[in-house]
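The structure appears below as structure tokens.
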Amino acid sequence: MQRTPMTAEGHAALDAELKHLKTVERPSIIEAISVAREHGDLSENAEYHAAKEKQSFIEGRISELEDKLSRAEVIDASKVKGNKVVFGAIVTVIDVETEQEATYRIVGEDEADISKGKISNSSPMARALIGKEVGDETEVAAPGGARAYEIADLKFK
């Protein structure tokens, strides 16, 4: 079984979603199916079919979350020390060409959200940064061509 790295915050978010699905969504959809059954002929009952479809989605998501949580390897970035970029690090980079600065936190695949500055550890940017130190330059293969970045700052939180 392959372990999946995840921050404590990401693990907590998936766990909260799982609890919500089990305690709120699942009972709600069971009730909706029960009500739809009371409307008669199930073969032509759109409410029943919609509720069964939603139930299938919820049960699939519950299975998916249980699997992800069982394989999670929670890494506490606040306990990580050192001067190299690793999982959980908050890295500030400067585009060598445009001198634009950007800050990213390297997280697990399920936590990635570029709008919040969180990039997946399997993304091209993260793979290029991991193992580097402040002051190092790295090249990232981007859709518009290779881009060079300099690591300006590194923090662990």
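Derivation of every value follows stated rules applied to the coordinates shown; laboratory data play no part. All values reported here derive from a predicted model rather than from experimental measurement. With ideal geometry, Cβ positions are generated from the backbone for all residues, glycine too; neighbour counts draw on all protein chains shown.
Of note:
- Ranked list, fewest to most other Cβ atoms within 10 Å of each Cβ, for Thr103, Thr98: Thr98, Thr103
- Database remark: amide H of Ala89 closer than 5 angstrom to the amide H of Ile106 (H placed geometrically; neighbours at sequence offset of 5 or more, or on other chains; Pro and chain starts carry no H).
- Centre-to-centre separation between the Cα atoms of the stretch 128-145 and those of the stretch 103-126: 14 Å.
- Binned Cα-Cα distance frequencies in the stretch 4-75 - 10 Å width, integer %: 20, 38, 23, 14, 6, 0
- Reciprocal mean inverse distance between Cα atoms of the chain - Kirkwood radius, Å: 18.4
- GNM on the chain, alpha-carbon springs under 10 angstrom: the most fluctuating residue among Val91, Val74, Val140 is Val140.
- In a reduced charge model with +1 at each Lys and Arg Cβ and -1 at each Asp and Glu Cβ, the stretch 77-156 shows a dipole moment near 440 debye about its Cα centre.
- Shape index of the stretch 77-156: Rg/Rh, with Rg the Cα radius of gyration and Rh the Kirkwood radius from the inverse mean 1/r over Cα pairs, equals 0.94.
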